[in-house]
Every structure is written in structure tokens, then in C-alpha cells.
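Asks: Let me give you the structure first, and then I'll get to my questions.
The values are calculated or read from the model by the stated rules, or taken from the named source; none is laboratory data. Since this is a predicted model, take the numbers as computed values, not measurements. Cβ coordinates were reconstructed from backbone atoms using ideal geometry, including for glycine residues, and neighbour counts include every protein chain displayed. We work out accessible area using only protein heavy atoms, side chains counted, and drop any ligands, DNA or RNA first. Shrake-Rupley method; radii C 1.70, N 1.55, O 1.52, S 1.80 Å.
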Amino acid sequence: MNTTTKLTIPLLDLQAQYEPIKELIKEKMLQTFDSKYFINGPEVELLEEKINTYCGTKHSVGVSSGSDALIIALMALDISAGDEVITTPFTFFATAGAIARVGAKPVFCDINPDTFNIDVTQIESKITSKTKAIMPVHLFGHCADMDSINTIANERNLYVIEDAAQDIGSSYTSADGTPKKAGDLGTVGCFSFFPSKNLGACGDAGIVTTNDTALYEKIKSLRMHGETQRYHHKYIGGNFRIDALQAGIISIKLDFLESQHDGRRANAKFYDTAISSCSTIKTPVILDKCKSIYNQYSLISSQRDKLKDYLTQHTIGNNIYYPIPLHLQECFEYLGYKQGDFPVAERVANEIISIPIYSELSNQQLDYVAKTINSFVNA
């Protein structure tokens, strides 16, 4: 490759995302300061209404983070010590961390080698008399196989907690031909608005969605230390409130989210064609029933570490999600898992690498990334 053409491309360019909406954000910040509604209030209620409309759900509760969304969902479903929740070891720590935080036991299940989501063919073998829920993760913006998961859950009377932290706006078409968005596919959906997400706040924030009115009322109460009215506590909850300022910013960004997704899908389509398909590189697999939002665009390479070095040398941002599966994390040694228990997750952890996919990428930048990867493959 001609080194004179070298570009510097970050993995994510938040400044480019911010520029078109900068004045709207500034105005919203001033409005919030003037209103003095810093906790709950109209901005939070507006965001919750807009999320319901966007996701197709009946109820939403804004919370303090995606991690807290998982914790409050588990608390609302009375999952606690002695209970088990089946999930994937190939995910961000908060998935299993939330289960452990409420005293329950994470039970891991290997992943599908194409989508990196939980392997639904292995779930039933993990179910015991202690199992209370299945927690699929819609990884990288691609929904898990929810028809299969919901069938198992319905037959076994289990809850389904969607870890949709990376998945707001993605959709899944069920066997009856009905497309539904993430957050509307289980008992409860949990989203993160961490700044690097497709819909990111200017700090920590999250939201919980559900179609169960009684569950919604309980989650809303748990968010405020279990209050049902001022100083009357029905539950032992916590401080899981979303800041009004974050709610207002997210609400603005939500209006632009579909165009962001369209840009990411267009960039993914370019990569799918432009990046050489060979034995050393595999581009993402998107199932026909799913519409991905490409929170990440992740390649599989048997020479991942060399590819990472090559991309870094050519000033292309990249990252590895996730280098150590959760069953091999030191804090989960007490669960008794060992190397080799989940071979697909372990292999993917050693071969996966994510490259820039944000919608603001120029044609020149996209071309540079693809040509750099192809030069590595053909070296």
C-alpha cells in the first residue's frame, strides 16, 4: 500500500456525530438548567414515551445505566440467591455481573459460531429446577434467535430478559412473519446508553422496556428505592434514576437514530463486498430474519493479532470484543468452569476484531480500511 495515502481513522468518531446536533444539545442543556428538573420529570417521561413508540413496547423506565437496567430487571422478577439464569459467556461483563450481583448463579451456554449469540440448541441442557430465566444477549446489534428462546421459556415457565445493550433499533422477524424490535421480544428488555453505543448519552444511562403493566409499576418503584408514594417503601429498591439531562440528550439523538443505522448498514454492505473473503478473514453473518444495527462490525481472523497490529500500524482504529470469555474470568472461578468448556466462545475470543463502522465514515475512509485489510490478506 502506498504510505502517502495513509489516513487516521478512529474506531468511533463521537465528534463527527455531535457536530450536526451541537446546537440542539446546547439548547437542551440550558432548558434543563432553567427548569430545575434534574431528576425524573418531563424530560424523562418524554424519553420513555419516545422509546415505547420506537421499540413498539407498552412501557419504559429510564434508569442510571445499562448495567443497572439488568439489575433492576432481575430484582423486579424476584431473581435472587438460589436461582439460576442461563446466558452467554461471550458478552460484556455486566451481563453475568448483574446476575451475580442479585445473588443468583450465571449458567453459561456456548455461542453460535456465525452470529456469536447464544446457541439455542444447547439451552435446554442447561435448565435445572433452579432456573428462573434465560438472558440472551443481542450481540453487536444482531438479535438472538428469539423464536427458539421464547418457545423454550414458555414450555418451562421461564422469564426472558433481553440484554439489548447494543441493540436498540434492530429487529427480528418471528416465524409468523411479524417483525419486532429488540426490547419487545421477551419479558423485559434492557438497554444501555453508554456514550459509545449507537444511541449514546453524555455519560451513563439506560432504559428498561416491558409489555407487562404490573412489572412496569414494580420497576418504576424499584428505581426510587422501592417507593410507591413518598416515604412509603413496598420494596427494597435502589437509586436507579436516570438524570433528566441525559434523558433530554438521548431524546434528541433518538430522532436521528434511524439515519445513523442506515449509514452503518450502508457501510457494512460496502465492507461485505470490498473486504476479501478468504480462509483468514470472515465478515459478519446476518440472518435473514434479523435486521442488524451494526453496533460493531466484527471480523473473524485466524491471524487476528497480526491483523490488529497491521491495522494499528496503518492508523485504523480497532478493538477486540471480548478477549476473555466470562467463564474464564477470575471472579467467576467459583462457578467451576474451565478452559475448553465453551470451545466456540473461546475460539471467537481469540479470532475476533472490530473495525470502524460509524455512519459518518467517508467513502475515502471506507476504501482505505478495506484496502488495508485486503493488503494484509494478500501479503
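Asks: Give the average over all directions of the projected area of the C-alpha convex hull of the chain, one decimal, in nm².
Replies: 19.4
Asks: What is the magnitude of the charge dipole of region 265-325 about its Cα centre, with +1 placed on the Cβ of each Lys and Arg, -1 on the Cβ of each Asp and Glu, and no other charges, expressed in debye to the nearest 20?
Replies: I would put it at about 160 debye.
Asks: Hey, another quick one. Find how many whole Å separate the alpha carbon centroid of region 160-189 from the alpha carbon centroid of region 307-379.
Replies: Computed from Cα coordinates, the inter-centre distance equals 25 Å.
Asks: Using the heavy atoms of the protein chains alone and a 1.4 angstrom probe, what is the accessible area of the chain per residue in square angstrom? All intermediate terms of the calculation are to be shown ahead of the outcome.
Replies: Values: 16340 Å² over 379 residues.
Dividing the accessible area of the chain by its residue count gives 43 Å².
Asks: Tell me, what is the 1.4 Å probe accessible area of ASP68, in Å² to the nearest 10?
Replies: About 40 Å², ignoring ligands and nucleic acids.
Asks: Here's a follow-up. Residue farthest toward the positive end of the dipole of region 115-182, with Cβ of Lys/Arg at +1 and Asp/Glu at -1: which of ALA144, ILE161, GLY177?
Replies: ILE161
Asks: Would you be so kind as to identify which of SER64, THR209, THR280 lies farthest towards the positive end of the dipole of the chain, taking Lys and Arg as +1 and Asp and Glu as -1 on Cβ and the Cα centre as origin?
Replies: Checked the options; the winner is SER64.
Asks: Turning to a different aspect of this structure: Suppose each label sits 7 Å from its Cα in the direction of the beta carbon; what would the ASN374-ALA81 distance come out to in nanometres?
Replies: For ASN374 paired with ALA81, the spin-label model returns 6.0 nm.
Asks: Another question about this same structure. Suppose every Lys and Arg Cβ carries +1 and every Asp and Glu Cβ carries -1, with no other charges. What dipole size does the chain come out with about its Cα centre, to the nearest 20 debye?
Replies: Computed charge dipole of the chain: roughly 320 debye.
Asks: For the chain, build the charge dipole from Cβ charges (+1 Lys, Arg; -1 Asp, Glu) around the Cα centre, then report which of LEU30, ILE79, LEU299 sits farthest towards its positive end.
Replies: Going by the charge dipole, the pick is LEU30.
Asks: If you don't mind, another one. Rounded to the nearest 0.05, what FRET efficiency do THR315 and ASP114 give with R0 = 25 Å and r taken as the Cβ-Cβ distance? Could you check?
Replies: Details: r = 31 Å, r/R0 = 1.22.
Efficiency at R0 = 25 Å is approximately 0.25.
Asks: Given 25 °C and 0.890 mPa s, compute D for region 97-200 with the Stokes-Einstein relation, Rh being the Kirkwood radius over Cα pairs; round to the nearest whole µm²/s.
Replies: After rounding, the answer is 173 µm²/s.
Asks: Leaving ligands, DNA and RNA out of it, work out the accessible area of CYS278 with a 1.4 Å probe and give it in Å² to the nearest 10.
Replies: Accessible area, nearest 10 Å²: 50 Å².
Asks: Next up: At 1.4 Å probe size, with no ligands or nucleic acids counted, give the accessible surface of LYS197 in Å², nearest ten.
Replies: Estimated to the nearest 10 Å², LYS197 gives 40 Å².
Asks: Still on this structure, please answer the following. Roughly to the nearest percent, how much of the accessible area of region 1-119 is carbon and sulfur, given a 1.4 Å probe?
Replies: Here carbon and sulfur together make up 56 percent of the probe-accessible area.
Asks: Using +1 on the beta carbon of Lys and Arg, -1 on that of Asp and Glu, and nothing else charged, what's the dipole of region 261-379 about the Cα centre, debye to 20?
Replies: Result for region 261-379 is approximately 320 debye, rounded to the nearest 20.
Asks: Same structure again: So between GLN364 and PHE33, what do we pick up on full extension, going 0.36 nm a residue minus the alpha carbon distance?
Replies: Separation in residues times 0.36 nm, less the Cα-Cα distance, equals 115.1 nm.
Asks: Something else: May I ask you to derive the FRET efficiency for ALA214 and SER259 from their Cβ-Cβ distance with R0 = 30 Å, giving the value to the nearest 0.05?
Replies: That gives a FRET efficiency of 0.25.
Asks: Obtain the nm distance between the two label points defined at HIS232 and ALA274 by a simple spin-label model: each point lies 7 Å from its Cα along the Cα-to-C-beta direction.
Replies: Each label point lies 7 Å from its Cα, and together they span 6.1 nm.
Asks: At what distance in nm do the modelled label points of GLU23 and ASP288 sit from each other, each positioned 7 Å from its Cα along Cα→Cβ?
Replies: 4.7
Asks: Something else now. Taking every DSSP beta bridge with both residues inside the chain, roughly what % is antiparallel (nearest 5)?
Replies: Of the beta bridges lying entirely in the chain, close to 65 percent run antiparallel.
Asks: Given a 1.4 angstrom probe, I'd like the percentage of the accessible area of region 322-371 that is carbon and sulfur, rounded to a whole number. Spell out each step's value before the answer.
Replies: Details: 1120 of 2320 Å².
Carbon and sulfur: 48 percent of the exposed surface of region 322-371.
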